[in-house]
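The values are calculated or read from the model by the stated rules, or taken from the named source; none is laboratory data. These numbers were taken from a predicted model, which means no experiment stands behind them. Cβ: placed from backbone, ideal geometry, glycine included. Neighbour counts: every protein chain shown.
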Amino acid sequence: MEQILDTVRGFDGVLELAPTAGSEYPEIAWGDHFFYYAPDGQVPRREQPYATIVTKDYPDEPVSGLDDPGRWRLNVHVGKERSAELLGARPESAGEPVDYGAEDTLIPHPVYADLGWIAIVVPGARTSETAIGLLRQAHADAQRRYERRRAVPTAEDDDTAPRA
């Protein structure tokens, strides 16, 4: 995990949200990592992270075995098209079950696959290089979205706009 964390922490404009015990964030998020492009250092109000690292199985998703020591999952938003390129047809749509606990394997995200998210449980020799490349691209995509939003001011950005 440290290689992934060190790499992402080195990206320009990255904001890592890593809730800890006793923080204002829900207990379920404690120990996990959420990555945003946010050069101002503020968690975006209307933007989801572009990648996450989760260290436990979340309720309402297929079990990945993340509650076992040393297991964690990298989740990256790659977009629907890139997800299809990486994974081909989703195995469950072909009637094949997905092993959401398979280590060092690109898999569809257990919940957000239809939104263009992929996952890797404990990236290793087969997937680490791919994971780093996908993280770089996800960060660059988030940066482009940020810059596009900044180029088109909204009423919230305009101090002269009437307030309700």
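Descriptive notes on the structure:
- The stretch 35-54: number of residues that are in contact with a Leu (Cβ under 6 Å, 6 or more places away or on another chain) and among the hydroxyl-bearing types (Ser, Thr, Tyr): 1
- Just so you know, in the stretch 114-129 the residues that are in contact (Cβ under 8 Å) with a residue 40 or more places away in the chain and within 12 Å of residue 4 (Cβ to Cβ) include one that is surrounded by the fewest Cβ atoms within 10 Å (Cβ to Cβ), and it is 128.
- Candidates 38, 18, 51, filtered to the one that is within 30 Å of residue 148 (Cβ to Cβ), in contact with a Pro (Cβ under 9 Å, 6 or more places away or on another chain) and of a type in the set (Gly, Ala, Ser): 38
- Checking the stretch 34-48 against the condition returns a match, with at least one residue being under 16 Å from the mean Cα position of the chain (by Cα) and among the hydroxyl-bearing types (Ser, Thr, Tyr).
- Residue within the stretch 24-31 that is under 13 Å from the mean Cα position of the chain (by Cα) and without any contact (Cβ under 8 Å) to a residue 24 or more places away in the chain present: no
To keep it simple, each residue is scored yes or no on (1) closer than 17 Å to residue 119 by Cβ; (2) surrounded by fewer than 16 Cβ atoms within 10 Å (Cβ to Cβ); (3) aliphatic (A, V, I, L, M).
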residue	(1), (2), (3)
1	yes, yes, yes
6	no, yes, no
12	no, yes, no
20	no, yes, no
37	no, no, no
43	no, yes, yes
63	yes, yes, yes
76	yes, no, yes
83	yes, no, no
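- For residue 69, the requirement of being surrounded by 10 or more Cβ atoms within 10 Å (Cβ to Cβ), modelled with pLDDT under 95 and more than 25 Å from residue 140 (Cα to Cα) is not met.
- Take the conditions (1) loosely packed, with under 13 Cβ neighbours inside 10 Å; (2) in contact with a Phe, Trp or Tyr (Cβ under 6 Å, 6 or more places away or on another chain); residue 28 misses just one of them, which is (2).
- Scanning the stretch 101-132 for residues that are in a strand (DSSP E or B), out of contact with any Phe, Trp or Tyr (no Cβ under 9 Å at 6 or more places or on another chain), farther than 10 Å from residue 64 by Cβ and not aromatic (Phe, Trp, Tyr) yields 106, 118, 120.
- Note on the stretch 32-83: enclosed strands (runs of 3 or more DSSP E) holding 3 or more residues that are under 19 Å from residue 107 (Cα atoms) and in contact (Cβ under 8 Å) with a residue 12 or more places away in the chain are 51-54, 73-77.
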